[in-house]
Every structure is written in structure tokens, then in C-alpha cells.
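Taking it in order: structure first as C-alpha cells, then the write-up.
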């Protein structure tokens with residue numbers, strides 16, 4: 001019975017945290033948000049099948065992670081330097097119709113992936129692009145000329 005209750009609690013806590021992260025879909029989550037959710041699910045899973053199967057142990061572990069994630073979100077909101085370190089910065093892939101090959105290589109984006117993103121934004125050619133930016137969430141934003 002304790003395990004069944006813990007399983008329900010695990011499902012509730014993961015759902016709560018996904019809503020707490022205030023993202024409409026998991027595709028719009030930042031890498032840090034996904035990391036917190038994965039660590040939270042692993043921690044709660046250990047309370048289900050690990051050595052400590054008590055509900056209190058899982059609650060304490062989950063609450064600690066949620067509080068730490070909330071604290072880090074406050075710190076990154078107040079410190080732009082810490083925000084850049086944790087969440088990264090957008091990268092310019094195309095500027096004024098010219099590919100930035102070094103940046104594309106650093107970000108491991110192939111020409112085919114870049115062209116697909118351009119087509120998704122209605123651009124047939126790289127020369128039609130004023131700027132293309134790789135956002136922190138992995139999406140490519142395209143601004144046409």
C-alpha cells in the first residue's frame with residue numbers, strides 16, 4: 001500500500017513540477033528545466049524501489065530538489081552572469097546572408113539541418129536571411145531580409 005501511494009505521489013510531483021516550470025510543452029523547456037525534472041524523477045524513483053522505500057525520504061528528496069531549482073531560478077533572474085553560465089546565450093548562425101561556419105561547427109549543426117530550419121521559416125536560400133539565431137532552447141529563429 002505504501003508503494004502504491006508513493007507511485008501516485010511520484011506522478012503528482014512530476015506533473016506539479018512540469019506545471020511549476022511554467023512551460024506549455026516540454027519542447028519549450030530549457031536544458032536546466034529538463035535536468036531538474038529528470039533528477040527529480042530519479043530521486044523519487046529511488047524512494048519506490050531503492051533501499052529507503054519510505055514516503056518521507058522521497059518527499060524530503062523531492063522537496064530539496066524543487067527548492068534548489070527555485071533558488072537557482074531566482075539567482076539566474078537577478079544575475080545575468082549566472083544566467084549565461086547556466087542557460088547559455090543565443091548563437092548567431094547566419095548574418096546578412098552569410099553562414100558562420102565556425103559557429104555552425106561549434107554547435108554541431110549541419111548544413112542540411114540549417115536549410116531545413118530556413119525552409120520551415122519560408123526562406124528558400126541563405127541569402128534571403130538577415131540573421132538566423134540558435135536560441136537557448138535549441139530552436140532556430142530566422143529573420144528575413
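Once the Cβ-Cβ distance between residue 39 and residue 133 is put in as r, and R0 is 30 Å, what FRET efficiency do you end up with, to the nearest 0.05?
On the way: r = 29 Å, r/R0 = 0.97.
With R0 = 30 Å, the Cβ-Cβ based efficiency is 0.55.
When 131, 36 are sorted by how many other C-beta atoms sit within 10 angstrom of their C-beta, beginning with the fewest, the order is 131, 36.
With the convex hull built on the Cα atoms of segment 66-139, state its orientation-averaged projected area in nm².
Values: hull surface 24.5 nm².
Convex hull of Cα atoms, orientation-averaged projection: 6.1 nm².
Between segment 60-85 and segment 118-141, what is the C-alpha centre distance in whole Å? Here the answer is 31 Å between Cα centres.
Laboratory data are not the source of any read-out in this text; all were calculated from the coordinates shown. All values derive from a computational prediction rather than experimental measurement. When we count neighbours, we look across all protein chains shown, and the Cβ atoms used for this are built from the backbone with ideal geometry, even at glycine.
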